[in-house]
Amino acid sequence: MFRIGSIFIPVSDVEQSLNWYITYFYAQEIGRWEGGIGICLPDGSTQLGLIQTTSTQPTTFKDASGQAHVYFNIICEDIQLAYQSFEQAGLIATPLHDFGGMSCFDVRDPDGHTISLISEELTSPFHRDRVKELQTKGSNQ
């Protein structure tokens, strides 16, 4: 009944950001409107909207302890290969971390926004197969 349709990202140059997402995330352009471009990644139903802004906008927030978090992450099937690719491109913002059935690292886009890439083991409660089971179970109640 409900699902996330789009995540909007504020960018200083939509064309530059479009090319960046095409180059590094294999995104495809869906459509354009005044001040924005819609894109999709190779897998999944959530779309991204690149929105032209006149000033840099944050895409992170701080939790109660002061640690920064991103508003969304991008799932990656082969995190080692992705890390190597982004490292070769000079875009790595954090080392690759492994914890609790999940691996992750952050990169920075052309506007300096932090984007987290994650990979989840099948045993993780957040793995898409486990989430799908939960969703199916919930819809049967």
Scanning region 5-30 for residues that are assigned to a strand (DSSP E or B) and either of a type in the set (A, V, I, L, M) or surrounded by fewer than 18 Cβ atoms within 10 Å (Cβ to Cβ) (or both) gives Ser6, Ile7, Phe8, Ile9, Val11, Gln28, Glu29, Ile30
Among the numbered criteria (1) open to solvent by less than 40 Å² (accessible area, probe 1.4 Å); (2) more than 25 Å from Ser12 (Cα to Cα); (3) at pLDDT 90 or above; (4) part of a loop (DSSP other than H, G, I, E, B), which single criterion is violated by Pro95?
(1)
Take region 38-57 and flag every residue that is assigned to a strand (DSSP E or B) and either within 19 Å of Asp111 (Cα to Cα) or open to solvent by less than 60 Å² (accessible area, probe 1.4 Å) (or both).
Gly38, Ile39, Cys40, Leu48, Gly49, Leu50, Ile51, Gln52
Within region 58-75, how many residues are open to solvent by 70 Å² or more (accessible area, probe 1.4 Å) and of a type in the set (S, T, N, Q)?
3
Scan of region 76-89 for residues that are open to solvent by less than 100 Å² (accessible area, probe 1.4 Å) and outside any loop (DSSP other than H, G, I, E, B), ordered by number:
Ile79, Gln80, Leu81, Ala82, Tyr83, Gln84, Ser85, Phe86
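The values are calculated or read from the model by the stated rules, or taken from the named source; none is laboratory data. No experiment lies behind these values; they were computed from the predicted model shown. Reconstructed Cβ throughout: ideal geometry from the backbone, glycine too, with neighbour counts over all protein chains shown. All accessible areas refer to the heavy atoms of the entire protein, side chains included, with ligands and DNA or RNA removed. Shrake-Rupley method; radii C 1.70, N 1.55, O 1.52, S 1.80 Å.
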